[in-house]
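Colleague: Structure incoming, see below.
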Amino acid sequence: MKNMELNFSGSIQDVAAADRLELLVDAVTDYAIYLVDRDGVIRTWNAGAERIKGYRAAEVIGQHFSLFFTPEDKAADLPGKILEGAARTGRAEQEGWRIRKGGGRFWAGSVVRPVHDARGRAVGFAKITRDMTEQREAQQALYESERRFRLLVQAVKDCAIYMLDPSGIIVNWNSGAERLKGYLAAEIVGQHFSKFYTREDRMAGLPARVLETTRREGHYEGEGWRLRKDGGRFWAAVEVDAIRDENNQLIGFAKVTRDITERQVAQQTLRETARQFRTLIGGVTDYALFMLDPNGLVVNWNPGAERIKGYSADEIIGHHFSRFYTDRDRAVGKPARALQIAAQEGRYEAEGWRLRKDGSLFWANAIIDRITDEHGALIGFAKITRDITERRNAQLALQEAQAQRAQAQKMEALGQLTGGVAHDFNNLLMIVGGHLQSLKKLVGDDERGRRAAEAIELATKRGATLTRQLLTFSRRQTFHPTMSNLNERIDAFRNMLTTSLGASARLVTDIPGETWPVLIDTSEFELALVNLALNARDALPAQDGVITVSAENVQLTPQQTPAHLQGEFVALSVADNGSGIAPDILPLVFDPFFTTKGPSKGSGLGLSQVYGFAHQSGGTVTIVSELGRGTCVTLYLPRGQATAKPAHHEHNDAEKLVGGTALLVEDNPEVAKVTEQMIEQLGYRVQRAGSAHEALELADAVKVDLVISDIVMAGPMDGVGVARALRARQPDLPVVLVTGFSSSASEADLEFAVLRKPFEVSDLSRVMAKAIAEAQGGAANNVIRLRDRQRAADVPSRDQQKRGGPDDGDGNPGNVPA
C-alpha cells in the first residue's frame, strides 16, 4: 500500500509483515482499499483505488474522502454519517453514486470498518469500495423487465396466466385468468389448480399427471374441458412450463390457459365436414375426383377414379395427370393448356378421349377448378372426370336416328312428289305414245315426218325411263323379285355394260362362285348396275380408268350399316379409280335430281334409282369416296332362300284374243281415247266409263267380257275397288288394272293383271291375254299365283322390319348421280 503510514498510536512491530500486507493490498485491483483517519482524511491508497477512482496516491493522500461523494450527498453530510455509523456499530455498508477524478459517476458499493491499535484505541477507518455500475444496470434492467412483464401479464385478457408452487397451489393470478375462469385473485390464490378440472378428469388423476409430466419433461401441452367459477365448461388449450432456480431446483410452474371453445367447435365441425366429405368422395364411384398440385401431379385419388381409370391410389399418386391423355393430345399440349386456362380463369371444362390403365379409351367430361389459399395464391387444382361414353354413344345414336328420320321424311316427301309427278307424266306419255302410231301412219313415206315421229318416240321412251327411275326411288315401282345368281346375271349382262361404258373404261368383274343367290327384281337390278357403271365412267381419268364390280358374302350386325340391317347379305360393290367426291357433296348424292354434271349431261336420278332399288329389295346402299382416289358404292342385297317354285304357265304374247265387249274405266278423257283405240285394234268393242260409279252402272246394263281400269281415279272408289266389286259379281271376269303410279299397285298385282303406263298395243295385248288366261285357269291356279305373289310381296315387308328408316347415305361409296 503506497505511502502506508505507521505512526498511528501504537506502532506496527513487525515491518516484514507490514510489507507483505502492502503487497497483498496492492495486488487487489477490483477493489479500492484505503485508510482514513478519524477525521476522514485519506492516509493510504492502493492500486485498485487508483484504477476505480482515477487518482494517484500523491494526488489524493491528505484529502478528505468526501472528495468522492456527489454534491447532494456532501450537502446531506453523508460522509460524516458513514464514519459515525461505522464508529458506533463497527460497520457501515452503503451503495450510491460516487465521483471519479474526471467527474464521471459510478455506482459504488462500500464497506467502512473502524481500525484500532494494539491497545484497542480507534485510530481511523478502513474503507473498501467496489465499482458496481454494471451489476446495478443489470439489476435495473431486470427490474424493469420484470415490471414490464408483470404489466404485460396483467394486460393479457385472452389468456389465463398464473403460477403454481411445486405442489400445484396457485400463487398469483392475472386479469385474463379472472376473465376466463371467473375467479378474483383473492378467491383463488392459495387454492389447488385441480379446481378447474372436470370431475371425470380429477377422478382419472389428470391434474397430477400434468404436473408430473411437466416436472419430468419441462413442458406440458394439452386440450380439454375446464370449469369456470359458475360451473360452465369451456374447451381449453393448456401449456405448463417448469420453473427452476439457478441450481436447477424446481420452484414452481408457469401455466397458460386459453379458451378455444369456438375454435374447437369450428375444428370439430370442420373435422365432421371433412369426414362426411371423405365419406361422400369415397362413396362416389361414378366420378373420378382427385386433386393436382400446381404442376399437375396427382396428390389424392378416390374410388371413382380407381374404377374409371383403373389405377389404384398407390400406382398413380405422384404421377402427372397427362398420362390420362392420348398421345396426340399430349403432343399438341392439351394437358398444359388445361391447367393454364384453369389457373387463369378459375375453371376449365372439356370433353374428349381419355386413357385407362389398360390402354382402352373412354369419352370423358373433365372439369378442372383452381384452388387458392386465403391470400389468393395457387395451391393446386380439383379435377372431376366422368365417363360419359354411353351418354355420348346415345347422343350420337339419337343424332343419327334424327338424321335418318329427317332423311326418311325428306325421301318420303320426295317420293310422294316424284310419284305424283310420275303419274301425271305417264298419262302425258300415254297420250303422246298412243297418238304416235297414228302419226306414223299419217306421215307414211315422208322422210322428215318419219324422223320427227322417231324423235318423238325416242323422247317418249326416255321419258318412260325417267318415270321408272322416279318410281324406283320412291319405292312405288311394282316389284317382281326372283331368285338370281349374281355371277350368272352379271356375266350375261357384261357385254351390254361394256358397250355402255365405251372404250375409255376397262371393266373388271370379281364375283366368286360361292356368292349367295339374292332375291331381286332383275330388271331393276340391271338398271341400277347400269346407273352405277355410267356414273363411275364419268368420273374416270382420260387414261387407265378401271371400274371393278365385285361381290362377297357378309354377315351384318345393326352397327355396321346406317340402316341397321342384320343377317346374311351379299355386298355388291362398284368401285372406280376416278376423281372422287367432295365430303360436303357426298351426303347429297342419293337425292333426286342432284347432280354436279353440266346441263343435258345427267338427270340426277341415277343414284336415286339405285337407292330405291336397294331399299325396296330389303337392303341398303353405302358410299365411300376420297378425292383423287376414287369412289366405291356397295349394295347390300339380302340372301335369298332357295325354295321350290310352283309351275307357271307362260302365256304367248301372240295368243289370239277372243274378242267381245271391253269396259274401259279412265277419268282422263285423252288417255281414255288413246286406250280405246288400242283396245279396238285388238278386236274388242269398248264401253267407256269416266268414274267408278259409272263403271258399275254400265256393268249392270251391258254384258262385259273384259275390264280395263285405271287405278288412280277421283272419287271414293279407285280402280282396285271397281275391279273387286265387278269380280265379286262375276268371279271369272278378266280384269286389267292400268297405272302410271299408285301406292295400291303392289297390292293390286296380287289379285289382278297390272299394266304400267305408258304402254303400246303389244303390251296391252299381252296383259289382256294374261288376264283372260288367269280368269279361265280356275281357282287352283289363282291360289298358286296369289301365294307366289305374296312371297314376293314379303320382301318389302322384311325390309321395313329390318330398317330403322331410309339410308341417309352417310359414309357410303359412289359417284354423283347422272
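The values are calculated or read from the model by the stated rules, or taken from the named source; none is laboratory data. Keep in mind that this is a model prediction, so the values were computed, not measured. Methodologically, a virtual Cβ is constructed for each residue, glycine included, from the backbone with ideal geometry; neighbour enumeration extends over all protein chains shown. Only protein heavy atoms, including side chains, enter the accessible area calculation; ligands, DNA and RNA are left aside. Shrake-Rupley method; radii C 1.70, N 1.55, O 1.52, S 1.80 Å.
Colleague: Could you report the stretch 199-247's accessible area per residue, 1.4 Å probe, as an integer in Å²?
Modeller: Solvent-accessible surface per residue comes out at 62 Å².
Colleague: Looking at this model, which pairs from Lys101/Lys127; Lys441/Lys770; Lys440/Lys703; Lys440/Lys770 are more than 24 angstrom apart at the alpha-carbon?
Modeller: Lys441/Lys770; Lys440/Lys703; Lys440/Lys770
Colleague: Can you check what the net charge comes to around His319, using other residues whose Cβ is under 15 Å from the Cβ of His319 (Lys, Arg +1; Asp, Glu -1)?
Modeller: Once all neighbours under 15 Å are counted, the net charge is +3.
Colleague: Collect residues whose amide H, placed 1.01 Å from N in the peptide plane, falls under 5 Å from the amide H of Ala350; neighbours closer than 5 in sequence don't count.
Modeller: Ala366
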